[in-house]
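Structure, as structure tokens:
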Amino acid sequence: MGGFDFNRYWKERRELVNRGLDKFLPADSPGPQILTEAMRYTLFAGGKRLRPLLAIIGYELSGGNDLENELLPVACGIEMIHTFSLIHDDLPAMDNDDFRRGKPTNHKVFGEAIAILAGDALFGHAFYVMVRSTAPSERVIETIREITDAIGLDGMLGGQVADVTGEKKPPSKELVQYIHSRKTGKFIRASLKVGGIIAGADTGTIKVFHEVGEKIGLTFQIVDDILDEIGEKDKLGKSVGKDRESGKQTYVRIYGLEEAKHRAKELAESAIEQINSHFGVEKGLPLISLTKFIVERNF
């Protein structure tokens with residue numbers, strides 16, 4: 001247990017995902033060169049690769065043993081969908097951000113039209129990549145069902161609509177809970193679950209991934225709200241204070257800074273307890289360590 005190095009574990013898997021992304025979206029991809037360039041610009045602009053890592057952890061905890069062929073296409077597809085959401089989220093009609101991960105946002109470099117199309121292309125290409133998984137077809141189909149539900153009408157996109165239309169409205173506990181669980185939480189939950197699905201995990205493990213993933217996803221977004229209030233622009237790589245400025249529905253606005261911190265900590269502790277109970281402390285260390293990172297992060 002004492003020998004587990006989470007930073008090394010994450011670094012190795014992040015490098016694997018980056019190699020996969022380069023393989024599945026090479027610089028000489030067919031089609032207009034500017035489109036590939038715009039897609040790769042944001043895809044390789046840095047990033048934690050958190051969602052692919054969750055999929056990898058779910059796969060490894062479930063006994064998966066062919067990471068490269070079964071899970072990597074799914075993990076890379078997940079990162080492409082996440083990147084699509086970032087490109088569109090930064091657009092003037094949405095959050096109107098000039099910087100992402102310390103670099104000019106996609107539309108600042110390529111213009112709005114190409115940025116929109118680059119996001120659209122990443123969204124479509126993600127599924128083209130995911131079906132390259134060599135896992136049994138029924139597991140791949142279930143994975144795609146899980147992911148499309150997480151990003152669709154009552155998922156990430158539905159949450160984004162509620163986020164945009166909720167600006168300047170009176171603070172609402174129900175609305176902020178809906179936004180956070182859909183805009184961010186559901187896709188994070190799905191990322192963990194599909195690792196188990198691809199590996200053929202039993203229903204008990206999938207249920208644990210569902211519940212733990214839900215807690216981790218909500219924790220992640222609460223910490224995002226906190227960092228928008230007190231985070232450092234240089235560490236975050238993007239502007240701070242924009243949520244308050246836009247009148248967004250956030251945990252900090254509803255509950256205050258200290259209560260938001262308390263709720264994030266409670267959720268993380270509950271997730272860790274559940275991981276320990278199902279997997280044991282030693283086996284569950286990768287997921288426990290990631291949960292601790294999510295609640296303690298400053299970027």
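The values are calculated or read from the model by the stated rules, or taken from the named source; none is laboratory data. Since we're looking at a predicted model, the values are computed, not measured. Backbone-built Cβ (ideal geometry, glycine too); neighbour counts: all protein chains shown.
Side notes on the structure shown:
- Subset of region 31-51 [in a loop (DSSP other than H, G, I, E, B) and closer than 18 Å to residue 16 by Cα]: 44, 45, 46, 47, 48, 49
- Within region 161-172, considering residues that are touching a helix residue (DSSP H, G or I) at 6+ places or on another chain (Cβ under 7 Å) and at pLDDT below 95, the one farthest from residue 246 (Cα to Cα): 171
- The single condition among (1) within 17 Å of residue 54 (Cβ to Cβ); (2) not in a helix (DSSP H, G or I) that residue 169 does not meet is (1).
- Residues (free of Cβ contacts under 8 Å to residues at least 24 places away in the same chain and either in contact with a Pro (Cβ under 9 Å, 6 or more places away or on another chain) or surrounded by fewer than 18 Cβ atoms within 10 Å (Cβ to Cβ) (or both)) located in region 163-193: 165, 170, 174, 177
- Residue in region 5-24 that is in a loop (DSSP other than H, G, I, E, B), out of contact with any Pro (no Cβ under 7 Å at 6 or more places or on another chain) and touching a residue at least 60 places away in the same chain (Cβ under 8 Å) present: no
- Only one of 96, 69 that is at pLDDT below 95 and not aromatic (Phe, Trp, Tyr): 96
- None of 163, 95 is assigned to a helix (DSSP H, G or I) and not hydrophobic (A, V, I, L, M, F, W, C) except 163.
- Out of 75, 27, one residue alone is modelled with pLDDT of 95 or more and within 15 Å of the chain's Cα centre (by Cα). It is 75.
- Residue 283 vs. criteria buried (at least 18 other Cβ atoms within 10 Å of the Cβ), at pLDDT 95 or above, more than 20 Å from the chain's Cα centre (by Cα) and not aromatic (Phe, Trp, Tyr): no
- Flag for residue 64 being touching a Leu at 6+ places or on another chain (Cβ under 7 Å), touching a residue at least 24 places away in the same chain (Cβ under 8 Å) and not in a helix (DSSP H, G or I): yes
- Of all residues in region 100-155, those that are part of a loop (DSSP other than H, G, I, E, B) and either over 17 Å from residue 32 (Cα atoms) or under 19 Å from the mean Cα position of the chain (by Cα) (or both) total 13.
- Residue 137 vs. criteria small (Gly, Ala, Ser), free of Cβ contacts under 8 Å to residues at least 24 places away in the same chain and out of contact with any Gly (no Cβ under 8 Å at 6 or more places or on another chain): yes
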